[in-house]
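Undergrad: Handing you this structure, nothing more for now.
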Amino acid sequence: MRVTMIGAGYVGLVSGACFADFGHTVTCVDTHEGKIAALKRGEIPIFEPGLDDLVASNVKAERLFFTTSLAEGVADAEAVFIAVGTPSRRGDGHADLSYVHQAARDIASAITGYTVIVTKSTVPVGTGDEVERIIRETRPDAEFSVVSNPEFLREGAAIIDFKRPDRIVVGTDEERAKEVMTNLYRPLFLNQSPLLFTSRRTAELIKYAANAFLATKITFINEISDLCEKVGGNVQDVARGIGLDNRIGSKFLHAGPGYGGSCFPKDTLALIKTAQDYDAPIRIVETVVSVNDQRKRAMARKVIAALGGSVRGKTVGVLGLTFKPNTDDMRDAPSIAIITALQDAGAIIRAHDPEGVEQAKLVLGNVDYVDSPYQAADGADALVIVTEWDAFRALDLKRIQSMMAQPVVVDLRNIYRPEEMAALGFQYSSVGRGLSDA
Ligand SMILES: NC(=O)c1ccc[n+]([C@@H]2O[C@H](COP(=O)([O-])OP(=O)(O)OC[C@H]3O[C@@H](n4cnc5c(N)ncnc54)[C@H](O)[C@@H]3O)[C@@H](O)[C@H]2O)c1
């Protein structure tokens, strides 16, 4: 099949490369000229494990193409995916749909023959209706269907998630569109991934409900971890104790510095706004958002407390800047709020991240970026683990201990064991665990 991706970002590029790998012919279109030029040179503009090889092999097989010309990419396509960004709109938290609407206008003038236009971007309920209206207005003669097909991949494991999804959600009532979507995803449900057909509005809502539920689960265990600290419990044992219950499940029960990233913060906000507009407020998600916002700065206070109440003039080494490991994505990363709060309190920040430094430099000023965890620890008064990259899980702790000005470690991801750290002479604190519970 001939497929076009509008937007060659984290979702568009991964989905495009995976569809090409299944044998479809895919053109990725992006308005960002630098991105397309890089892709044409064989350079991948984002860090996503395995993506470079997947793109290279499909380009070589002449199944994957890149262009800035939407008209060229869309002509003759059977399915055109909209995978552009839907960030929070400045000021009110609604999803900013300007990129989606622009893409719809551009697609409308370029389609030839029956085309399925698929919204893969995360969009509020009713956006499919609006995309359909825009296309119909621009091209009253065109033959097309507008389908919702939300994406559930996780950055860092995006290729595996795309190729082996828990489910594929397709929102449409039109038989002709269902047939195209079924053919497109056939290689996936042959691998037994369920293909779930729903109405378009329901599919749009499923994506927001899924992200809001996961954000709630994380926030729930984060609050339990605060209680553990007060009562002397161990949040990892609580998580295991509840997670083994199949009705609860063990995933997304890792206490930490609060959720961030390119999806949960903006999607929870957008869902809250939609729900308020329809006079059906989702108070549990409103609370989750406010608890999570406060948590990030509270993590900075944890560091300040570990240094005896003041960080003024002290050097704090930070390990990990991206919102999670195995990505270079800094969007809404907890590190931003934590570092800013520490800087507000007078700390000097020295930071290391295996892949995120280039993106971090765009959002965090006045930080000394260093090339290794050991450089971050050298002479530091405290070392804070913010993102749990594998490279931080087996550090030479004796070496780190001997390099630091004060052996203070604040582990916001619970990757080390309190007793071991104490035995090595660290003044160690983590999230929701006391020393006696190690
Ligand atoms: N990143 C994730 O993990 C993830 C997961 C699931 C769903 N989503 C959703 O997918 C959508 C895209 O997210 P992303 O992380 O890939 O964003 P991104 O910012 O990485 O990529 C979006 C791309 O679209 C391009 N673009 C914007 N307008 C365009 C236009 N009119 N024509 C062509 N290209 C255009 C931009 O230049 C950019 O390269 C969002 O709605 C997001 O919520 C993201």
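The values are calculated or read from the model by the stated rules, or taken from the named source; none is laboratory data. If you're wondering where the values come from, they're calculated on a predicted model, not measured in any experiment. FYI the Cβ positions are ideal-geometry reconstructions off the backbone, even for glycines, and counts take in every protein chain you see. Only protein heavy atoms, including side chains, enter the accessible area calculation; ligands, DNA and RNA are left aside. Shrake-Rupley method; radii C 1.70, N 1.55, O 1.52, S 1.80 Å.
Undergrad: Show that you can apply the helix-only estimate: for the chain, add -39,500 (n - 2.57) for every DSSP H stretch of four or more residues, divide by all residues, and state [θ] at 222 nm to the nearest 500.
TA: Working: 17 runs with 196 residues, N = 438.
My calculation for the chain gives -13500 deg cm²/dmol from helical runs alone.
Undergrad: Could you list which residues have their amide H under 5 Å from that of THR27, counting only those 5 or more apart in sequence or on another chain, with H placed in the peptide plane?
TA: The answer is VAL3, THR4, MET5, PHE65.
Undergrad: Nearest-5 percent of antiparallel DSSP beta bridges in the chain? Before the final figure, lay out each step's value.
TA: On the way: 2 of 46 bridges.
Taking every DSSP beta bridge with both residues in the chain, the antiparallel ones total about 5 percent.
Undergrad: Whole-Hz Karplus ³J(HN,Hα) for the stretch 233-244, in order, using 6.51 cos²θ - 1.76 cosθ + 1.60 and θ = phi - 60°, x for Gly and Pro?
TA: x, 10, 5, 5, 5, 4, 4, 5, x, 8, x, 6
Undergrad: Once Lys and Arg get +1 and Asp and Glu get -1 on their Cβ, which of VAL100, ALA17, LEU51 lies farthest toward the positive end of the dipole of the stretch 1-105?
TA: Ranked along the dipole, the leading option is VAL100.
Undergrad: Using only the alpha carbon atoms of the stretch 308-352, find the Kirkwood hydrodynamic radius as the inverse mean reciprocal pair distance, in angstroms to one decimal.
TA: Numbers: mean 1/r = 0.0900 Å⁻¹.
Here the Kirkwood hydrodynamic radius works out to 11.1 Å.
Undergrad: Going by Cα centres, the stretch 340-378 and the stretch 383-438 are how many Å apart?
TA: 18
Undergrad: Beyond 19 Å, what share of the Cα-Cα pairs of the stretch 354-438 remains, rounded to the nearest whole percent?
TA: 40
Undergrad: If you don't mind, another one. Students often forget the sequence filter, so: which lysines lie under 22 Å Cα-Cα from LYS40 once same-chain residues fewer than 8 apart are removed?
TA: LYS60
Undergrad: Restricting attention to the alpha-carbon atoms of the stretch 114-271, what are Rg (one decimal) and Dmax (integer), both in Å?
TA: Radius of gyration, then largest Cα-Cα span, for the stretch 114-271: 19.2, 68 Å.
Undergrad: Measure nothing fancy, just the Cα-based angle from helix 283-306's long axis to the longest principal axis of the chain, in degrees from 0 to 90, nearest 10.
TA: Here the helix axis deviates by roughly 40 degrees.
Undergrad: Still on this structure, I have one more. Straight-line reach from LYS398: which aspartates and glutamates have Cα under 14 Å away, leaving out those fewer than 8 places along the same chain?
TA: ASP378, GLU420
Undergrad: Considering only protein heavy atoms, what per residue accessible area in square angstrom results for the chain with a 1.4 angstrom probe?
TA: Working: 19330 Å² over 438 residues.
Value for the chain: 44 Å² per residue.
Undergrad: Which trypsin sites (Lys or Arg not before Pro) in the stretch 208-289 pass both tests, a DSSP loop state and at most 15 other beta-carbon atoms within 10 Å? Provide the component values of the computation, followed by the final result.
TA: Details: sites: LYS217, LYS230, ARG240, ARG247, LYS251, LYS266, LYS273, ARG283; in loops: ARG247, LYS251.
Answer by residue number: ARG247, LYS251.
Undergrad: Let me ask another. Let me check I have the definition right: for the stretch 256-385, take the eigenvalues of the Cα gyration tensor, multiply each by 5, take square roots. What are those semi-axes in whole Å, largest first? Working shown, then result.
TA: Numbers: eigenvalues 185, 58, 20 Å².
Computed over the stretch 256-385, the values are 30, 17, 10 Å.
Undergrad: If you don't mind, another one. If I model a spin label as a point 7 Å beyond the Cα along the Cα-Cβ vector, how far apart are those points for SER372 and ASP237 in nm?
TA: About 3.8 nm, to one decimal.
Undergrad: Provide, in order from the shortest bin, the percent of all Cα-Cα pairs of the stretch 83-188 in each 10 Å bin, continuing until the bin that contains the maximum pair distance.
TA: The percentages, shortest bin first, are 14, 41, 35, 10, 0.
Undergrad: Now a separate question. How much of the calculated P(r) for the chain lies past 31 Å, in percent of all Cα pairs?
TA: Working: 43195 of 95703 pairs.
Tail fraction, whole percent: 45.
Undergrad: I need the GluC sites (Glu not before Pro) found in the stretch 124-180, filtered to DSSP loop residues with at most 10 other beta carbons within 10 Å of theirs. Spell out each step's value before the answer.
TA: On the way: sites: GLU130, GLU132, GLU137, GLU143, GLU151, GLU155, GLU174, GLU175, GLU179; in loops: GLU143, GLU151, GLU155, GLU174.
The qualifying sites: there are none.
Undergrad: What residues have an amide H closer than 5 Å to that of TYR369, excluding those fewer than 5 places away on the same chain, when H is modeled at 1.01 Å from N in the peptide plane?
TA: For TYR369, whose amide H was placed from the backbone, the distant partners under 5 Å are ALA351.
Undergrad: Continuing with this model, one more query. May I ask you to work out the translational diffusion coefficient for the stretch 1-149 at 10 °C, viscosity 1.306 mPa s, via Stokes-Einstein with Rh from the Kirkwood sum over Cα pairs, reported in whole µm²/s? Don't skip to the answer; put the middle values down first.
TA: On the way: Rh = 15.4 Å.
Taking Rh from Cα pairs, D becomes 103 µm²/s.
Undergrad: When every alpha-carbon pair in the stretch 53-114 is counted, what percent end up more than 19 Å apart?
TA: Numbers: 913 of 1891 pairs.
The calculated P(r) of the stretch 53-114 puts 48 percent of pairs beyond 19 Å.
Undergrad: Taking Cα atoms, how many degrees apart are the long axis of helix 334-344 and the longest axis of the chain, rounded to 10 and kept between 0 and 90?
TA: Around 50 degrees separate the two axes.
Undergrad: Which entries in LYS230/LYS296; LYS163/LYS361; LYS35/LYS296; LYS178/LYS266; LYS266/LYS324 show an alpha-carbon gap greater than 23 Å?
TA: Check vs 23 Å cut-off fails for LYS163/LYS361; LYS35/LYS296; LYS178/LYS266.
Undergrad: A further question on this structure: How tilted is helix 127-138 with respect to the longest principal axis of the chain? Cα atoms for both, answer in degrees (0 to 90, nearest 10).
TA: That helix lies at roughly 40 degrees to the long axis.
Undergrad: Find, among the trypsin sites (Lys or Arg not before Pro) in the stretch 348-412, those assigned to loop by DSSP (not H, G, I, E, B) with at most 12 other beta-carbon atoms within 10 angstrom.
TA: Answer in residue order: ARG393.
Undergrad: With contacts defined as alpha carbon pairs under 8 Å and 6 or more residues apart, what's the relative contact order of the stretch 156-256 in percent?
TA: Numbers: 83 pairs, mean separation 23.2, N = 101.
It rounds to 23 percent for the stretch 156-256.
Undergrad: Just to confirm my numbers, what's the Cα centroid distance between the stretch 197-265 and the stretch 168-190 in Å?
TA: Taking the Cα centre of the stretch 168-190 as reference, the centre of the stretch 197-265 is 30 Å away.
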